[in-house]
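A quick write-up on the structure given underneath.
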Amino acid sequence: MKPPVEVPENIVEQVRALCLALPEVTVRVDHSLTRTRSTAQSFEIRRRSFCLLVAMESSTGKSVPLLVLRADPDECEALLSIGHPFFVPRRAGRDRIGVWLTDDTEWDEIRELVTDSYRVLAPKKLTALLD
């Protein structure tokens with residue numbers, strides 16, 4: 001059996017720092033993603049995931065990390081019109097967008113997307129702390 005595909009540690013740390021800077025965020029590590037053979041980290045607000053970090057194996061066998069975030073449907077459509085690095089994740093609702101994380105990732109943009117995703121689920125009392 002192949003070893004699991006893991007997200008590079010530097011990317012895990014960057015995403016964790018962005019998510020855990022938001023009020024009341026918790027992390028759930030899921031070791032059961034046997035389909036992708038990856039460990040997923042779900043960043044949650046009150047047991048609802050607003051950011052999922054996971055890795056997929058590319059055709060070359062390299063680990064390719066990605067985020068699945070929430071966004072309003074209009075925002076999803078706008079991001080998808082840009083194309084790479086944005087994509088529609090499998091089995092995702094209309095309020096989800098996928099983002100491939102590469103060497104060219106704009107981390108300021110990821111911070112904004114993570115914060116917007118948080119706002120989709122967080123109670124108004126917590127989103128008010130961001131303003």
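Considering the chain at the alpha-carbon level, its Rg and Dmax are found to be 14.4, 48 Å. Taking amide H as placed 1.01 Å from N in the peptide plane, the amide H of MET56 sits under 5 Å from that of VAL64, LEU66, each at least 5 places away or on another chain. Take 53-63, 81-91 and order them by the average number of nearby Cβ atoms within 10 Å per residue, most first; the result is 53-63, 81-91. Here the chain has 51 percent of its accessible surface on carbon and sulfur atoms, given a 1.4 Å probe and all protein chains in place. Per residue, segment 8-98 exposes 57 Å² of accessible surface when a 1.4 Å probe is rolled over the protein heavy atoms with every protein chain present.
The values are calculated or read from the model by the stated rules, or taken from the named source; none is laboratory data. Computed from a predicted structure; not experimentally measured. Please note: Cβ atoms are built from the backbone with ideal geometry, for glycine as well, and neighbour counts cover all protein chains shown. Note: accessible area is taken over every heavy atom of the protein model, side chains too, but ligands, DNA and RNA are not part of it. Shrake-Rupley method; radii C 1.70, N 1.55, O 1.52, S 1.80 Å.
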